[in-house]
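Asks: Just passing along the structure, written as structure tokens.
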Amino acid sequence: MDQVCPSTPCPVPANQRPLEEYRQLCASWFFTWPAEVPHGLIRPLALCWLVSFPLCLLIASGSWPLRHNPPRLVLAAAVSAVLPAVFLLLRQWLGWNYVLRRLRSERVEYEESGWYDGQVWEKPLAWRQQDLLVASHEVRPVLARLELVLAVAIALILLGTGLCQAL
């Protein structure tokens, strides 16, 4: 990031700069799922659902009414197995949204040595432009993908819950 405007001294520690936080997010195994197209997000979420389904089936079988209605039991387990995937999606959305807000901001909030000495630094124009480019062309598409998959997961939960009630 210092290459953008080397004449401007930056008091923000390197690991707290928005562009560096973006790079750290991209290097993270968990947060790269939505950035990898096309199967980067679907494969881990499907695996999460497959792992959660037997546990949800076991838990749902403890219900007396569900135990005597196998289709409803399987459907309830399938719907509830989507919840862990939704929590993973929410965590990813929060991380990417945090980086987006930091990249779009005109100021950088940072800590020099601990939580008690927060400072604010105004980004120079060159830094702002670079951060806005990264935010709009790299981070925003990832967030849009996450929001789409999150909406589909919530729709599946609502549809499955309605179907379960209809049975």
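Asks: Could you please find all residues in the stretch 35-50 being modelled with pLDDT of 90 or more and either buried (at least 17 other Cβ atoms within 10 Å of the Cβ) or part of a loop (DSSP other than H, G, I, E, B) (or both)?
Replies: Within the stretch 35-50, PRO44, LEU45, CYS48, TRP49 qualify.
Asks: Here is a follow-up. If I ask for residues that are more than 26 Å from VAL86 (Cα to Cα) and exposed (fewer than 14 other Cβ atoms within 10 Å of the Cβ), which ones from the stretch 133-155 would you list? Talk me through it step by step, then tell me what you get.
Replies: So in the stretch 133-155, the residues more than 26 Å from VAL86 (Cα to Cα) come out as 133-134.
Within the stretch 133-155, just LEU133 meets the criteria.
Asks: Filter the stretch 51-86 down to the residues that are surrounded by 17 or more Cβ atoms within 10 Å (Cβ to Cβ) and small (Gly, Ala, Ser) and list them by number.
Replies: If the condition is that a residue be surrounded by 17 or more Cβ atoms within 10 Å (Cβ to Cβ) and small (Gly, Ala, Ser), then SER52, ALA60, ALA76, ALA77, ALA78, SER80, ALA81, ALA85 are the ones that fit.
Asks: Using the structure shown, decide if TYR110 is in contact with a helix residue (DSSP H, G or I) (Cβ under 9 Å, 6 or more places away or on another chain), of a type outside the set (D, E, K, R) and not in a helix (DSSP H, G or I). Walk me through it before giving the result.
Replies: On the way: in contact with a helix residue (DSSP H, G or I) (Cβ under 9 Å, 6 or more places away or on another chain): yes; of a type outside the set (D, E, K, R): yes; not in a helix (DSSP H, G or I): yes.
Taking the combined requirement at face value, the residue satisfies it.
Asks: Follow-up question, since we're still on this one. Looking at the stretch 119-132, which of its residues are buried (at least 17 other Cβ atoms within 10 Å of the Cβ) and among the acidic types (Asp, Glu)?
Replies: ASP131, the sole residue that qualifies.
Asks: Let me ask another. Of everything in the stretch 13-34 that's part of a loop (DSSP other than H, G, I, E, B) and at pLDDT 90 or above, which residue is farthest from GLU147 (Cα to Cα)?
Replies: That would be ARG17.
Asks: How many residues, within the stretch 82-107, are in contact with a strand residue (DSSP E or B) (Cβ under 8 Å, 6 or more places away or on another chain) and assigned to a helix (DSSP H, G or I)?
Replies: Step one: filter the stretch 82-107 for residues in contact with a strand residue (DSSP E or B) (Cβ under 8 Å, 6 or more places away or on another chain), giving 102, 106-107.
Of the ones still in play, those that are also assigned to a helix (DSSP H, G or I) are 102.
The qualifying residues number 1.
Asks: Count, please, the residues in the stretch 99-118 that happen to be in contact (Cβ under 8 Å) with a residue 40 or more places away in the chain and either surrounded by 13 or more Cβ atoms within 10 Å (Cβ to Cβ) or within 30 Å of LEU45 (Cβ to Cβ) (or both). So that I can check it myself, show each step before the final result.
Replies: Initial filter on the stretch 99-118 (in contact (Cβ under 8 Å) with a residue 40 or more places away in the chain): 99-100, 102-103, 105, 108, 110-112.
Filter once more, so that each one left must be either surrounded by 13 or more Cβ atoms within 10 Å (Cβ to Cβ) or within 30 Å of LEU45 (Cβ to Cβ) (or both): 99-100, 102-103, 105, 108, 110-111.
So the count comes out to 8.
The values are calculated or read from the model by the stated rules, or taken from the named source; none is laboratory data. Just so we're clear, the structure is a prediction, and the values are computed from it rather than from any experiment. Please note: Cβ atoms are built from the backbone with ideal geometry, for glycine as well, and neighbour counts cover all protein chains shown.
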